[in-house]
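Let me begin by presenting the structure, written as structure tokens, before commenting on it.
The values are calculated or read from the model by the stated rules, or taken from the named source; none is laboratory data. Small disclaimer: the values here were computed from a predicted structure and weren't measured. Note that each Cβ is placed from the backbone with ideal geometry, even for glycine, and that neighbours are counted across all protein chains shown.
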Amino acid sequence: MDTAAELTLTRPDDWHVHLRDGAALATTVPHTAAQFARAIVMPNLKPPVTTAAQAVAYRQRILAALPAGMAFEPLMTLYLTDNLPPEEIRRAREAGVVAVKLYPAGATTNSDAGVTDIRKTYRTLEAMQREGVLLLVHGEVTDGEIDIFDREAVFIERVLEPLRRDFSELRIVLEHITTKEAAQYVAAAPRHLAATITAHHLLYNRNAIFTGGIRPHYYCLPVLKREEHRRALVAAATSGDPRFFLGTDTAPHPARLKEHATGCAGCYTAPAALELYAEAFEAAGALDRLEAFASFHGPDFYGLPRNTTRVTLRREAWTLPESYTFGEAVVKPLRGGETLRWRLVA
Ligand SMILES: NC(=O)N[C@@H](CC(=O)O)C(=O)O
Ligand SMILES: [Zn+2]
Ligand SMILES: [Zn+2]
């Protein structure tokens, strides 16, 4: 195993973040911008981002929250609904929107406006295929009859496979994959399909949610799975296969809404994202594969240039703060108050 004290890599991008809006941006934007050059900003606001004009205005609010002297490029997305007009896709692309996000209705945080039947969106998907706008997917079925641990695998069979047959030129990212079925499916797909993998799904299995009592800060969707799935994700992320790349799915919620009888889904990982990925890759003896996963595969799939600046991680124990202010509330990061082995050099 490589035991060098420092690791320097091309500055990575985060291909899946939730920055939220309003006062939250003062916390989330500096955290993500400290680590990443660009980020795919998810559109699940209340109300969701469904027009080019809303995406442009949201982008302005994000940039207004960027501290002076920091460079960061938010890459904007629209939220797919049953009635997102196909005409909006061209306007969105011209406004710089790079992708549209599919949330099955009811699948996750702020997904009430999501898609109830994929067939209702076909004319819009055709427009996306034509315009070169990517489709990003929260890949879980919402059928209450299906066990929560099986919802990703069933989504692939029931929704994703038929969708890919009908739109063979549409570029699709299966977001935050959590199962060996998803990793195998993406690895076997000949073209136009990729997947993001979070740091927490590389580091933890579902035991983490229940160690010594219920731990709401480890609850996210899709929920952590068995160890065999975590291992399959680590194998995919460290394989060098360009279809797998970094997407933290950093998803902050006020701590009181996570430590709650019906706690919100989402792990806040932005403050130590690269540190957590480095830990996972090091544990797999694959630190030399981190740069391609974090900095090359994402822009290559999106058809964007790779970054040219660099960041350095140092092997240095430090304690991650337990909480951060988050508008009027506080947000507790994953591993807050604990010691991390890697530290991003400022
Ligand atoms: N991942 C999560 O558990 N939550 C995300 C939504 C999502 O990405 O599904 C959120 O917005 O809070
Ligand atoms: Zn999701
Ligand atoms: Zn997400």
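The rows are residues; the columns are (1) under 26 Å from residue 132 (Cα atoms); (2) among the acidic types (Asp, Glu); (3) within 12 Å of ligand 1 (Cβ to nearest atom).
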{"site": "149", "(1), (2), (3)": "no, no, no"}
{"site": "165", "(1), (2), (3)": "yes, no, no"}
{"site": "169", "(1), (2), (3)": "yes, yes, no"}
{"site": "189", "(1), (2), (3)": "yes, no, no"}
{"site": "193", "(1), (2), (3)": "yes, no, no"}
{"site": "196", "(1), (2), (3)": "yes, no, yes"}
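Restricting attention to the range 104-162, the residues that are among the small types (Gly, Ala, Ser) and either over 16 Å from residue 81 (Cα atoms) or assigned to a helix (DSSP H, G or I) (or both) add up to 4. Filtering the range 1-26 to residues that are assigned to a helix (DSSP H, G or I) and either among the hydrophobic types (A, V, I, L, M, F, W, C) or crowded, with 23+ Cβ neighbours inside 10 Å (or both) leaves 23, 24, 25, 26.
Does the range 239-262 hold any residues that are surrounded by 23 or more Cβ atoms within 10 Å (Cβ to Cβ) and away from ligand 1 (no atom under 14 Å from the Cβ), and which are they? Within the range 239-262, 244, 245, 246 qualify.
Looking across the range 30-44 at every residue that is part of a loop (DSSP other than H, G, I, E, B) and within 16 Å of ligand 1 (Cβ to nearest atom), the one that is surrounded by the fewest Cβ atoms within 10 Å (Cβ to Cβ) is identified as 44.
Taking residues in the range 154-176 that are within 19 Å of residue 15 (Cβ to Cβ), and partners anywhere that are of a type in the set (Lys, Arg) and within 16 Å of ligand 2 (Cβ to nearest atom), the pairs with Cβ atoms closer than 9 Å and at least 6 places apart or on different chains are 175/101.
A single entry from 199, 183 fulfils the requirement of being of a type outside the set (Val, Ile, Thr), within 16 Å of ligand 3 (Cβ to nearest atom), buried (at least 21 other Cβ atoms within 10 Å of the Cβ) and in contact (Cβ under 8 Å) with a residue 24 or more places away in the chain: 199. Is it the case that some residue within the range 201-215 is modelled with pLDDT of 95 or more and within 16 Å of ligand 2 (Cβ to nearest atom)? Checked the range 201-215: at least one residue is modelled with pLDDT of 95 or more and within 16 Å of ligand 2 (Cβ to nearest atom). Exactly one residue among 117, 112 is within 20 Å of the chain's Cα centre (by Cα) and without any contact (Cβ under 8 Å) to a residue 40 or more places away in the chain, and that residue is 112.
Taking the numbered list (1) among the β-branched types (Val, Ile, Thr); (2) part of a helix (DSSP H, G or I); (3) away from ligand 3 (no atom under 15 Å from the Cβ) in turn, residue 97 passes all entries but (2). Scanning the range 209-230 for residues that are within 19 Å of residue 182 (Cβ to Cβ) and assigned to a loop (DSSP other than H, G, I, E, B) turns up 220, 221, 222, 223, 224, 225, 226. Just the residues that are within 16 Å of ligand 2 (Cβ to nearest atom), small (Gly, Ala, Ser) and either exposed (fewer than 14 other Cβ atoms within 10 Å of the Cβ) or touching a residue at least 40 places away in the same chain (Cβ under 8 Å) (or both), please, taken from the range 51-109. Scanning the range 51-109 gives 99, 106, 107. The strands (runs of 3 or more DSSP E) located wholly in the range 231-346 that include 1 or more residues which are acidic (Asp, Glu) and over 30 Å from residue 96 (Cα atoms) occupy 310-319. Tell me which residues, restricted to the range 237-268, are closer than 17 Å to residue 282 by Cβ and away from ligand 2 (no atom under 16 Å from the Cβ). Passing the criteria: 237, 238, 239, 240. Considering the range 214-232, and only residues there that are touching a strand residue (DSSP E or B) at 6+ places or on another chain (Cβ under 9 Å) and either in contact (Cβ under 8 Å) with a residue 60 or more places away in the chain or crowded, with 23+ Cβ neighbours inside 10 Å (or both), the residue that is nearest to residue 337 (Cα to Cα) turns out to be 217.
Filter the range 92-114 down to the residues that are modelled with pLDDT of 95 or more, within 12 Å of ligand 1 (Cβ to nearest atom) and touching a Leu at 6+ places or on another chain (Cβ under 7 Å) and list them by number. Hits for the range 92-114 are 101, 102.
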